[in-house]
1. Any idea of V381's accessible area? Nearest 10 Å², probe 1.4 Å.
2. Rounded to the nearest 10 Å², what accessible area does D59 have for a 1.4 Å probe in the complete protein model?
3. Can you list the HN-Hα couplings for the stretch 175-186, worked out from phi with the Karplus curve (6.51, -1.76, 1.60; θ = phi - 60°), rounded to whole Hz and with x for Gly and Pro?
4. Taking a 1.4 Å probe, which of E172, E283, E225, E95 shows the most accessible area, and what order do the others take after it?
5. Compute the FRET efficiency between E228 and D276 as 1/(1 + (r/R0)^6), taking r as their Cβ-Cβ distance and R0 = 35 Å, and round to the nearest 0.05.
6. Show me 271-281, 256-266 ranked by packing, highest mean number of other Cβ atoms within 10 Å first.
7. Determine the shape class of the stretch 41-93: with a ≥ b ≥ c the square roots of the Cα gyration tensor eigenvalues, call it rounded for a/c under 1.5, and otherwise prolate if a/b is greater than b/c, oblate otherwise.
8. Could you state the accessible area per residue of the stretch 68-142 in Å², with a 1.4 Å probe and every protein chain left in place?
Amino acid sequence: MSNLLLSFPLSLPLLSSSVIPATATKKARGTQGQFPITQNVTATQGGMANMTCRVVHNDNTSLQWSNPAQQTLFFGDKKALRDNRIELVRASWQELTISISEVSISDEGQYTCSLFTMPVKTAKAFLTVLGVPEKPEIDGLPKPAVEGDEITLTCVTYGSKPAADIRWFRNEKEIKGAKEVNASGKTFTVRSSLQLQVDRNDDGVAYTCQVDHVSLASSPQQAVEVLEVHYAPRVEITHSLAFPQEGQYLKLECMSKGNPLPDPVLWTKDGAELPDLERMIVEGRELTITSLNKTDNGTYRCEARNRLGTSTAEYVLYVYDVPTTMPPSSTPPPQPALPDTTAFLDTHVTKPAATSIVRDPNALEQNGPDHALIGGVVAVVVFVTLCLIIVLGRYLARHKGTYLTNEAKGADDAPDADTAIINAEGNHAHAEEKKEYFI
């Protein structure tokens, strides 16, 4: 424990570096002249307290220290009380300093320094003893806890004065608890409770109860408990190949997590035992299939179990052909060269040779010529041309027929061809008039 030392205008030998300064200075009342001076002292339980009494002007008058029970401790340099914890530090006409080691709560109280003049002059000094809290204890921790349980952790510390403060930490993060303080004589018992509903994330988490108190300075006391949580397993299957092909080997790993650890795991295919144990090798949590073929297609299941439950995961295996059914490459295909436009006039189609790389069927459509568009344009041009030829032919044929017909109708009465045409047109008009009249 730390020792305490009072500070005064006069220098004293340094007995300890952790002395708590006095909080007040007491002067004896009386006539002007000689009077004793004291200071209040605060000490830590189990430590040392120094009680000092000084006189500024003293004409060889004795000084005396007495305890709260008014028992004389020292009269000058003479020890009056048989207590091995009380020792003389310095005795002179101007100063009387004593020390009390292994201070306890019972030593707390008001001490008196007396100067034996006529009349006797006194000064009071109060000794405050800080009760050091005991090391905390954590109760209520089941070993182990089961996921979903509700538990209450309780941290208790005894003997603090004044009442200590309790803080909770989940790993390094502070969390709030419910505090309760009870007095026990001059000291206090402090409790703090923490309610939890545990899950698998609490497994292995350290819960710390820390006690803070003025007597502990920068070294708080603490208790740590690591929570163990049992929970049902969860499984996941990882695979070594994204696109397995015939002839390759495939490794499946059943990643299971549970407490207690589920071991071993069970592998099945399509709800039954593995059909080919020579090629399907199980080692611990791993299933390795050598020399893949189409008969290996199916659903593989991994099952993990502990006393709290069972979990399964499935992997659907499809073995691709080599190389024709290989899935599209993730890298973009090279840009194909534009074909010669004269190739479209040729009706002979050449089938490209098979390659080991299956390209995206949309790649050529996006980068090559659009055959449908070119064919459509050609068809439209041909159709328009044919339509123009037909219209022009009909027009020429129609005008030629009209001229001949009119010439024939006026030839009987006309002296020449021109007059025959004119007469034919006139006759045609009369015919139209007649036709209208008839209607």
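The values are calculated or read from the model by the stated rules, or taken from the named source; none is laboratory data. On a predicted model such as this, the values are computed, not experimentally measured, just so you know. Every residue, glycine as well, gets a Cβ built from its backbone with ideal geometry; the counts of neighbours run over all protein chains shown. Just so you know, the surface numbers come from the protein's heavy atoms only, side chains and all, with ligands and any DNA or RNA stripped out. Shrake-Rupley method; radii C 1.70, N 1.55, O 1.52, S 1.80 Å.
1. Counting only protein heavy atoms, V381 exposes about 90 Å² to solvent.
2. Spelled out: D59, probe radius 1.4 Å, area about 100 Å².
3. So the Karplus estimates, Gly and Pro as x, are 10, 8, x, 9, 9, 9, 10, 10, 7, 9, x, 8 Hz.
4. Result, largest first: E172, E283, E225, E95.
5. Values: r = 42 Å, r/R0 = 1.19.
For R0 = 35 Å, the calculated efficiency reads 0.25.
6. Details: 271-281: 12.1, 256-266: 17.2.
Result, highest mean Cβ count within 10 Å first: 256-266, 271-281.
7. Working: a/c = 2.08, a/b = 1.53, b/c = 1.36.
Since a/c reaches 1.5 and a/b is larger than b/c, the shape of the stretch 41-93 is classed as prolate.
8. On the way: 3870 Å² over 75 residues.
Per-residue accessible area for the stretch 68-142 comes out at 52 Å².
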